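The values are calculated or read from the model by the stated rules, or taken from the named source; none is laboratory data. Quick caveat, the model's predicted, so the values are computed rather than measured. Areas reflect the complete protein model, heavy atoms only, side chains present, ligands, DNA and RNA absent. Shrake-Rupley method; radii C 1.70, N 1.55, O 1.52, S 1.80 Å.
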Amino acid sequence: HFELICCNPVLDFDSVQIVANLINVLKFVRTIHSEGMGLRDLCHTNVQWDRDGKLVYLDLGSVKDFTDRSGGFEGKEDYLPPLMNKDDSNVEKKNYVKRRDLYSAILTSFHWVFGQSPWGTERPSSVSEVQISFPQQSDTRFSAEEYSVFRDFYRMFLGKDAFDINNYIVKLDDVLKSSQRLLEKLQSGYPTEILNHLDIKQHYLPDDLSS
């Protein structure tokens, strides 16, 4: 038995806690994928914390084997990468689900930092429409340097370079590695000495989309 904290991370977590929690979510996603399953419905409302501060994942009814495509699309359309369509027959294929889960994890942490979607009121439908909307800084949890670093981090993994003409092309291990480096810098008090830009366009080959 445990008691959930229905907290608002936007109000409760500092920069170190946010990045540490993102790392935990990414490791959870990697573990689920290593078991041959996809989450499909990871979002900021499905992640809570118990009284000990441990992450609790809610509503895991959409978790199923990659080969199980029964029932069609599962999840929230707002958490689909901009180039994916819930009515596309490919959306439940293994490598599409893996990309959806990773994208959803990053989008979840974006909500923790900024309290909103990066796309405003309408999800982009093409690469040319990808334009992250950052609110003006009014959050006292972060210094100006930390806020700037967060913007750069999300530009890397949600900006136009994170997509090719057909898909979301970011790799989980690269996000995890960059998040761990970011956490180390934040803990050391030097958030501006951060993150070499990764050439994320090289990480997926076209045949990754076939299964």
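Results for (1) under 18 Å from the mean Cα position of the chain (by Cα); (2) open to solvent by 40 Å² or more (accessible area, probe 1.4 Å), shown as yes or no for each residue.
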residue	(1), (2)
Phe110	yes, no
Gly115	yes, yes
Gln136	no, yes
Arg141	no, yes
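Looking at the structure I just gave you, is Val19 at pLDDT below 80, in a helix (DSSP H, G or I) and within 26 Å of Gln180 (Cα to Cα)? It is false that Val19 is at pLDDT below 80, in a helix (DSSP H, G or I) and within 26 Å of Gln180 (Cα to Cα).
When Lys64 is tested against (1) modelled with pLDDT under 80; (2) open to solvent by 20 Å² or more (accessible area, probe 1.4 Å), just one condition goes unmet, and that condition is (1).
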